Amino acid sequence: MAQNIKKKGKLKHKLTNKFRLVVLNEDTFQERFSLKLSRLNVFVLSGFFSILLISGTILLIAFTPLKEYIPGYSSTELKRKAADLTFEADSLKLKLAILENYTKALKPVLTGDIEPESIDSIQNEAMANQLIDESQLNATKEDSIFREKIESETRFSLLNSSKSNVKIVFFAPLNGEISQSFESTSKHFAVDITAKTGEPIKATADGTVIFSGWTTETGYVIILRHANEYISVYKHNGNLLKQQGDFVKSGEVIATVGSTGELTTGPHLHFELWNGGYAVNPTNFIDFK
């Protein structure tokens, strides 16, 4: 017991025993600086400066660009680019979904699954539901004057007149003999043009490819959307040279003549022209000779 107390006393004496640190001038031996320290003071100061150094290093790495040089940390610029790409990918997915829904809704009309008679009945029913019995409105004199003003502005507005004056010129997608003409009675809403296999098929006007793919009955099919709600359809192609979403100019090659699909009778082009959901006779707009 006495030995333990004696050892503790010696340890305390060593820790608290002070030493004098003197800095002298080498030439004159003049005292320039002196400091009294103990082992305990040195340990405390060393620990304090160590903690301060570690804390400063952590803060420097955490709140400065230096952390980018540490393995495992990604740069701020890379994170920003990744976030931008994520937003762009989400936007593209939304646009693609809209385009796919539009194509699915349009495909039955172009393939003939929805006949023009049914379209007429649907449109007439919709128009009938929108008719209003004006005799029950009991419009005042001010209302009548205001209605005439609005109708005159709508009827003769520059915007409507400019839209009605816009015309579209169609060119022959393929020159050749017409083997089968447009016949609405037999539900052949197209013209068939015979040609040699591999001959180029051109876009009939400027437009955007809204469908480019394979169908069992009509083989390789490509569909273009033009101005003024016109749509051109090219079926039984040998090869497709454009993809969905491509913009093509009038006369640009989009496919080649082939004989694909179950309903084909030989190398030819099955060409359809639609406007506002109605099939129109292409020979009224295009000279195929």
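The values are calculated or read from the model by the stated rules, or taken from the named source; none is laboratory data. Bear in mind the structure is a predicted one, so any value in this text is a computation, not a measurement. Note that each Cβ is placed from the backbone with ideal geometry, even for glycine, and that neighbours are counted across all protein chains shown.
Among the residues of the stretch 32-53, the ones that are among the basic types (Lys, Arg) and under 11 Å from residue 20 (Cα atoms) come to 1 in all. Filtered by the rule that a residue be loosely packed, with under 14 Cβ neighbours inside 10 Å and within 29 Å of the chain's Cα centre (by Cα), the stretch 254-289 gives a lone residue, 276.
Rundown of residues vs (1) out of contact with any Gly (no Cβ under 9 Å at 6 or more places or on another chain); (2) assigned to a loop (DSSP other than H, G, I, E, B); (3) farther than 19 Å from residue 100 by Cα, yes/no style:
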site	(1), (2), (3)
197	no, yes, yes
242	yes, yes, no
251	yes, yes, yes
254	yes, no, yes
264	no, yes, yes
273	yes, no, yes
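What's the number of the only condition in (1) assigned by TED's automatic domain parsing to the domain that holds residue 11; (2) at pLDDT below 80 that residue 68 fails to meet? Looking at each condition in turn, residue 68 falls short on (1). Taking the criterion of being surrounded by fewer than 20 Cβ atoms within 10 Å (Cβ to Cβ) and touching a Leu at 6+ places or on another chain (Cβ under 9 Å), the residues of the stretch 226-247 that qualify are 230, 242, 244, 245. Would a scan of the stretch 203-217 turn up a residue that is modelled with pLDDT under 90, within 24 Å of residue 105 (Cβ to Cβ), not in a strand (DSSP E or B) and not assigned by TED's automatic domain parsing to the domain that holds residue 106? No, the stretch 203-217 contains no residue that is modelled with pLDDT under 90, within 24 Å of residue 105 (Cβ to Cβ), not in a strand (DSSP E or B) and not assigned by TED's automatic domain parsing to the domain that holds residue 106.
Conditions tested, residue by residue: (1) modelled with pLDDT under 90; (2) not hydrophobic (A, V, I, L, M, F, W, C).
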{"site": "146", "(1), (2)": "yes, no"}
{"site": "171", "(1), (2)": "no, no"}
{"site": "193", "(1), (2)": "no, no"}
{"site": "200", "(1), (2)": "no, yes"}
